[in-house]
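Please read the structure below before turning to the comments.
The values are calculated or read from the model by the stated rules, or taken from the named source; none is laboratory data. This one's a predicted model, so the numbers in the text were calculated from it and none came from an experiment. As a convention, Cβ positions derive from the backbone with ideal geometry for all residues, glycine included, and neighbour counts pool all protein chains shown. The accessibility values were calculated without ligands, DNA or RNA, using every heavy atom of the protein model including side chains. Shrake-Rupley method; radii C 1.70, N 1.55, O 1.52, S 1.80 Å.
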Amino acid sequence: MSTKNYKFNSQEKPQKNKQIQLKDGRSKKYYSPTVKEEDEDLIYGRHTVQAALKSERYLNRIWIISSLRYDPRFHILLNEAKTKGTIIDEVDDRRLDQITRRKHHQGIVAQICPYEYKELHELISQAKSKTDRSVLLVADGINDPHNLGAIIRTGEALGIQGLVIPQRRAVGITSTVTKVAAGALENFPVARVINLNSALEELKKEGFWIYGTVAKDGEPIHTVKFTGAIVLVVGSEGEGLSLLIQKNCDALVSIPMSGSTPSLNVSVATGMAIYEIHRQHWSKNLRI
């Protein structure tokens with residue numbers, strides 16, 4: 001099987017580092033936002049904050065418009081959070097625009113404790129305790145928080161047990177990721193590791209079969225029989241899976257394309273691959 005560095009996803013190109021000239025004549029590296037720096041402790045949007053409240057996640061502070069403060073969907077949850085020490089501030093839309101830098105907040109913003117990543121061994125143990133056909137995702141360098149959030153939302157909806165991401169050269173769990181995930185993170189564990197290849201080796205030792213996703217020359221995904229414990233590895237927006245990661249996979253799979261578009265957005269392609277695994281497991285359960 002070929003292990004060329006094909007892209008599984010779209011032609012999205014991460015921006016490169018640039019040099020800018022300071023007033024005193026010195027030059028400084030400017031990092032274009034492949035991984036956008038943002039306030040990682042803020043979440044916003046009605047569904048996202050509601051999911052955080054229902055999960056009893058500790059929230060430091062909540063800013064909310066008056067008309068929403070006594071909405072039946074939030075009133076009891078906010079009172080319970082207040083008894084646990086959460087500060088509730090009734091503010092207007094202009095204040096929320098200021099806090100979120102004019103993001104689509106829907107009248108409510110919350111400040112959360114930093115996201116608590118799972119250790120890899122915890123993620124594996126938790127997944128295997130639920131089913132003998134565990135499915136985990138590994139993301140090889142997703143830079144766009146919207147893509148990562150969409151992948152998490154789809155993964156949780158289709159019963160994936162968790163996600164592994166690298167510590168470097170990839171987006172972490174930011175406010176945008178949490179917002180796009182629309183509450184899915186409250187029930188979807190994420191592990192962050194220093195070395196993805198070492199993580200894949202550990203997963204193999206635990207009995208997982210590793211499938212890497214590529215745009216071409218992989219086995220057509222609908223012809224692959226997904227059995228036992230599975231890891232699906234997806235690549236970054238610009239480069240796809242690295243060659244080293246591809247070599248560490250047990251098999252490479254591709255989504256057959258019949259149109260003129262050469263590739264898919266990574267979150268769309270990942271959703272399609274996840275669904276194929278879900279479909280096969282679901283069909284097997286029906287036969288049993």
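Here are the numbers:
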| read-out | value |
| --- | --- |
| Phi to ³J(HN,Hα) by Karplus 6.51 cos²θ - 1.76 cosθ + 1.60 over region 205-222, Hz, x for Gly, Pro | 4, 8, x, 7, 9, 9, 10, x, 9, 10, 6, 9, 6, x, 5, x, 4, 6 |
| Cleavage-rule hits, trypsin sites (Lys or Arg not before Pro), region 197-288, DSSP coil, Cβ neighbours within 10 Å at most 10 | LYS225 |
| Surface share of carbon and sulfur [accessible, 1.4 angstrom probe, percent] for region 42-112 | 47 percent |
| Region 74-200, accessible area per residue, ligands and nucleic acids excluded (1.4 Å, Å²) | 46 Å² |
| Antiparallel DSSP beta bridges within region 120-286, as percent of all bridges there, nearest 5 | 5 percent |
| For region 223-240, Karplus couplings with θ = phi - 60° (6.51, -1.76, 1.60), whole Hz, Gly/Pro x | 9, 8, 8, 8, 10, x, 7, 10, 10, 9, 9, 10, x, 6, 4, x, 10, x |
| Region 160-226-region 89-117 distance, computed between alpha-carbon centres (Å) | 29 Å |
| Modelled label reach - HIS121, point 7 Å along Cα→Cβ, region 153-187 residues with backbone N closer than 20 Å | 162-167 |
| Carbon/sulfur fraction of accessible area - region 124-276, other protein chains in place, 1.4 Å, % | 49 percent |
| For region 120-286, with +1 on Lys and Arg beta carbons and -1 on Asp and Glu, the positive-most of VAL171, SER263, PHE188 along the dipole | PHE188 |
| Sequence-distant residues sharing a close amide H with GLY162 (under 5 Å, placed H) | LEU137 |
| Calculated from backbone phi, Karplus (6.51, -1.76, 1.60) coupling profile of region 126-141 in Hz, x at Gly/Pro | 5, 5, 5, 6, 8, 6, 8, 10, 5, 10, 10, 9, 10, 10, 8, x |
| Efficiency of FRET between ASP93 and LYS225 - r from beta-carbon atoms, R0 41 angstrom, step 0.05 | 0.20 |
| Amide hydrogen neighbours beyond the local backbone of LYS118, cut-off 5 Å, H modeled | VAL190, ALA191, ARG192 |
| Label point distance in nm, ARG168-ARG102, each placed 7 Å from Cα along Cα→Cβ | 3.7 nm |
| Candidates per trypsin sites (Lys or Arg not before Pro) in region 153-184, loop by DSSP, up to 13 other Cβ within 10 Å | ARG168, ARG169 |
| Region 42-112: antiparallel DSSP beta bridges as a percent of all, rounded to 5 | 60 percent |
| THR227, THR154, ranked by accessible area, largest first (probe 1.4 Å) | THR227, THR154 |
| Anisotropy class of region 120-286 from Cα gyration tensor, a/c 1.5 cut | rounded |
| Simple label model, 7 Å out from Cα along Cβ direction - ASP71 to LYS205, nm | 4.8 nm |
| Residue order for SER129, SER66 - accessible surface, 1.4 angstrom probe, largest first | SER129, SER66 |
| Contour excess over end-to-end distance, with Cα ends at LYS247 and ARG61 and 0.36 nm allotted per residue | 62.3 nm |
